[in-house]
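Here is the structure we will look at.
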Ligand SMILES: Nc1ncnc2c1ncn2[C@@H]1O[C@H](COP(=O)(O)OP(=O)(O)O)[C@@H](O)[C@H]1O
Ligand SMILES: [Mg+2]
């Protein structure tokens with residue numbers, strides 16, 4: 001008699017069942033997060049003091065402009081008669097009236113920034129989403145290009161990748177196909193964040209890797225520069241284009257490296273992640289050199305390592321961060337994105353920390369987390385502005401140049 005194996009093999013049928021059950025869980029989670037018929041909305045409102053600070057003009061100037069019709073009168077709550085506050089679109093209208101929108105000048109290059117590391121889970125999507133929203137709050141025109149078929153960034157912007165995104169029409173995928181569209185306009189869509197446009201992703205985008213691999217032998221530079229060419233067709237409308245690449249060294253990641261004119265490299269200061277970041281840097285160097293041989297070198301305006309998920313209760317994190325600073329003194333951002341339950345909780349609900357409202361935002365945990373995020377994003381904002389000559393006088397006045 002044959003002995004039964006201690007662990008019976010898992011059959012394909014069982015794997016299928018497992019996948020189906022996982023899909024059910026995901027569907028339930030999504031039903032909870034995207035109630036039917038509701039679109040995600042931005043609830044952020046600002047009182048006149050906060051609006052004045054964001055606009056860079058006094059409350060009085062805002063009231064005057066409302067009084068003389070240059071700005072609409074603010075909405076009032078029909079029950080209490082009190083002002084309901086301004087939303088981000090209102091604040092941007094004020095900036096327009098007062099000439100304080102921070103847009104790049106007509107001769108400044110659009111910033112095409114990739115948040116890249118070939119490792120998953122290091123905080124690429126978290127950094128991308130929070131940077132996009134931070135810049136939108138400041139009044140910049142931002143485009144987020146989700147290049148990752150796992151589509152976390154797409155989900156964070158309120159879309160259900162399986163339902164709201166058609167892989168044959170809405171993602172980068174058609175653009176990469178043989179005989180695809182001439183420009184990327186078809187894929188651009190507005191989000192519920194004023195000032196943030198999105199090119200979404202879903203699982204279908206993964207097929208672009210095969211498509212690319214098949215064409216790579218014959219049309220290497222066409223393939224590698226396709227994304228760069230696509231971005232050039234839409235960059236007029238934006239100050240900053242942020243790319244969130246997949247966590248792997250594939251054709252899409254290489255295209256992102258080619259399309260970007262600056263890089264932020266998120267790297268948690270722990271052995272394993274930092275080891276893989278070191279590996280990423282080495283591979284990136286080799287890959288960029290190889291790419292340069294096939295069609296021109298690529299210079300970056302800046303390449304900065306950002307320590308993410310840093311826990312300064314852990315001596316290993318502190319030690320590795322110190323080493324990072326010693327090895328890359330010029331190449332590390334001085335701000336650090338600390339490990340924060342606030343970020344983890346927000347992303348678990350497909351939200352960002354910047355769009356939370358209510359009593360939770362008055363806690364110390366929330367305030368600390370916003371302070372880390374703002375410090376990181378402000379530093380990146382200054383690096384971006386330093387690539388825009390029209391911003392030099394303002395940067396000098398602010399003591400930043
Ligand atoms: N600073 C942080 N503090 C706590 N959790 C974080 C932080 N940054 C990212 N995370 C969490 O880590 C996970 C992976 O982050 P993500 O941005 O999706 O990484 P990647 O895009 O590189 O794969 C997410 O669950 C996210 O909420
Ligand atoms: Mg990601």
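The values are calculated or read from the model by the stated rules, or taken from the named source; none is laboratory data. Since we're looking at a predicted model, the values are computed, not measured. Here the Cβ positions follow ideal geometry from the backbone for every residue, glycine too, while neighbour counts run over all protein chains shown.
Tabulated results
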| quantity | calculated |
| --- | --- |
| Residue match in the stretch 266-276 (condition: part of a helix (DSSP H, G or I) and within 16 Å of ligand 2 (Cβ to nearest atom)) | yes |
| Sole exception among (1) part of a loop (DSSP other than H, G, I, E, B); (2) within 16 Å of ligand 1 (Cβ to nearest atom) for residue 357, by number | (2) |
| Output for the stretch 191-217, where each listed residue is part of a helix (DSSP H, G or I) and surrounded by 14 or more Cβ atoms within 10 Å (Cβ to Cβ) | 203, 204, 205, 206, 207, 208, 209, 211, 212, 215, 216 |
| Conditions (1) in the same structural domain as residue 377 (by TED's automatic domain parsing); (2) at pLDDT 95 or above; (3) crowded, with 21+ Cβ neighbours inside 10 Å; number of the one not met by residue 159 | (2) |
| Matching residues in the stretch 236-256 - criterion: being touching a strand residue (DSSP E or B) at 6+ places or on another chain (Cβ under 8 Å) and within 16 Å of ligand 1 (Cβ to nearest atom) | 242, 243, 244, 245, 256 |
| Unique residue being within 12 Å of ligand 1 (Cβ to nearest atom), within 21 Å of residue 386 (Cβ to Cβ) and assigned by TED's automatic domain parsing to the domain that holds residue 365 when the list is 265, 305 | 265 |
| Residue satisfying condition, being surrounded by fewer than 19 Cβ atoms within 10 Å (Cβ to Cβ), more than 30 Å from residue 88 (Cβ to Cβ), within 16 Å of ligand 1 (Cβ to nearest atom) and over 21 Å from the mean Cα position of the chain (by Cα), within set 311, 271 | 311 |
| Any hit, the stretch 370-383, residues being under 23 Å from residue 156 (Cβ atoms) and within 16 Å of ligand 2 (Cβ to nearest atom) | no |
| Enumeration of residues in the stretch 281-335 that are assigned to a helix (DSSP H, G or I) and in contact with a helix residue (DSSP H, G or I) (Cβ under 6 Å, 6 or more places away or on another chain) | 320 |
| Single residue of the stretch 113-134 satisfying the filter (touching a helix residue (DSSP H, G or I) at 6+ places or on another chain (Cβ under 6 Å) and part of a strand (DSSP E or B)) that is nearest to ligand 2 (Cβ to nearest atom) | 115 |
| From 346, 371, residue being within 13 Å of ligand 1 (Cβ to nearest atom), farther than 17 Å from residue 115 by Cα and modelled with pLDDT of 95 or more | 371 |
| Residue in the stretch 218-231 that is in a strand (DSSP E or B), at pLDDT 80 or above, over 18 Å from residue 331 (Cβ atoms) and assigned by TED's automatic domain parsing to the domain that holds residue 147 present | no |
| Matching entry among 164, 170 (being out of contact with any helix residue (DSSP H, G or I) (no Cβ under 8 Å at 6 or more places or on another chain), surrounded by 15 or more Cβ atoms within 10 Å (Cβ to Cβ) and free of Cβ contacts under 8 Å to residues at least 40 places away in the same chain) | 164 |
| Filter result for residue 159 (closer than 19 Å to residue 125 by Cα and in a loop (DSSP other than H, G, I, E, B)) | yes |
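The rows are residues; the columns are (1) within 16 Å of ligand 1 (Cβ to nearest atom); (2) within 23 Å of residue 388 (Cα to Cα).
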position	(1), (2)
92	no, yes
98	no, yes
101	no, yes
109	no, yes
112	no, yes
119	yes, no
122	yes, no
132	yes, yes
136	no, yes
